[in-house]
Amino acid sequence: MISIDGRKGVHDAVRHGRTGHGSYDKIVPLAKELVAGRNGKSYFIRGTFTARNKDFSKDVMHLADLGFKEISVEPVVGSGSDLYFKESDIPELLKEYENLALQYIGRLFDGRKFRFYHFNIDLYDGPCLFKRVTACGAGYEYLAVSPEGDLYPCHQFVGQDEFIIGNVFTGIHNNEMRDQFMSNNILSKEKCRDCWAKLFCSGGCHANAYFSNGSIVQPNELACTLQKKRIECAVMIQALMADEKMND
């Protein structure tokens, strides 16, 4: 997974060095070299869009035009600066996902195919039911390790001392934390139980929930809204592709 946010100005505004100079001109050639060296193995160019670039479909298409075929561009999560979204931004973001879906369809049919992560859901097979219910497995199926050797449920919790589960030198000592993550699923989250999208999003990201609501059991409202729109767009794309195959 390689972090590039899209257009040069967008990327350099938030991904710069200590001197303030942007990293786009350095990162893009190296990313292309890395991808070429993988000889067809999977990868993702992973960007983050913020309130400064709500026209993020342009960033997705920019990455595609650079030749990258595996792309994921995600909304920023948090509050407290002009980077973060407000409730009033939601209609514009939903419309932009629809705009992206239409552009994506156009590229599928004109021979300039690429994969946008959120538009590639499997309506018929995909993850087993257990994984759809339990989500990502952070905190009990895998851990993140800090440079100091501390163990966290995932990389997004690194630096939050209350989420330290153990240490590579002394082992796991916070079994209660592990159990909290293990039991935090779409059946235990009150908001998720009646949601039509729950088996596609699996309850959302634990870290997003925590950093927006202070609790891993309360999903991020904005993330839920955007995820549902992405799923709607993905279903539209899948239905159109299936219809085209039937008419071939």
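The values are calculated or read from the model by the stated rules, or taken from the named source; none is laboratory data. Since the model is a prediction, treat every value here as computed from it, not as a measurement. Cβ sites come from the backbone with ideal geometry, for glycine too, and all protein chains shown count toward neighbours. Just so you know, the surface numbers come from the protein's heavy atoms only, side chains and all, with ligands and any DNA or RNA stripped out. Shrake-Rupley method; radii C 1.70, N 1.55, O 1.52, S 1.80 Å.
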| task | Percent of Cα-Cα pairs per 5 Å bin, from 0 to the last occupied bin, for the chain, please list those. | result | 1, 6, 11, 14, 17, 18, 16, 10, 5, 2, 1, 0, 0
| Accessible surface, the chain, averaged per residue in Å² (probe 1.4 Å) | 56 Å²
| message | Please return the longest range in the chain lying between exposed loop sites, taking chymotrypsin sites (Phe, Trp or Tyr not before Pro), DSSP loop only, at most 10 other beta-carbon atoms within 10 Å, and leaving the sites out. | response | 1-123
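In the chain, what percentage of the DSSP-assigned beta bridges are antiparallel, given to the nearest 5?
Values: 7 of 17 bridges.
Counting DSSP beta bridges with both partners in the chain, the antiparallel share is about 40 percent.
Rounded to the nearest 500, what is the 222 nm mean residue ellipticity of the chain from helices alone, with -39500 (n - 2.57) per DSSP H run of 4+ residues and division by all residues? The partial results should precede the final answer.
Details: 9 runs with 103 residues, N = 248.
Result for the chain, helices only: -12500 deg cm²/dmol.
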| note | In cubic angstrom per residue, the convex hull of region 101-202 built on its Cα atoms measures 161 Å³
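Against the empirical 2.2 N^0.38 Å scaling, what ratio does the C-alpha Rg of region 1-115 come to? Numbers along the way, then the final one.
Values: Rg = 14.7 Å, N = 115, 2.2 N^0.38 = 13.4 Å.
For region 1-115, the normalised Cα radius of gyration comes out at 1.10.
D for region 48-152, whole µm²/s, Stokes-Einstein with Kirkwood Rh over alpha-carbon pairs at 25 °C and 0.890 mPa s: what number?
Working: Rh = 16.6 Å.
So the translational diffusion coefficient is about 148 µm²/s.
For region 169-248, how big is Rg over Rh, using alpha carbon atoms and the Kirkwood form of Rh? Write down the numbers at each step before the final one.
On the way: Rg = 17.4 Å, Rh = 14.7 Å.
Dividing the radius of gyration by the Kirkwood radius yields 1.18.
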| request: Please work out the C-alpha center-to-center distance from region 219-248 to region 182-210 and express it in whole Å. | output: 19 Å
| task | Can you grab the distance from the C-alpha centre of region 1-72 to the C-alpha centre of region 152-179, Å, no decimals? | result | 31 Å
| task | Kyte-Doolittle cut-off -1.0, length cut-off 24 Å along the helix's own axis using Cα: show which whole DSSP H helices in the chain pass. | result | 90-109, 221-247
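Could you work out the relative contact order of the chain, using alpha carbon pairs under 8 angstrom and six or more residues apart, expressed as a whole percent?
On the way: 320 pairs, mean separation 37.9, N = 248.
RCO, the chain: 15 percent.
So, with a 1.4 angstrom probe, what is the percent of accessible area on the chain that is carbon and sulfur? Mind showing how you got there, number by number?
Numbers: 7380 of 13830 Å².
Its accessible area is 53 percent carbon and sulfur atoms.
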| field | Which listed pairs, of Lys113/Lys198; Lys8/Lys189; Lys26/Lys191; Lys58/Lys228, have C-alpha distances above 32 Å, in listed order | value | Lys8/Lys189; Lys26/Lys191
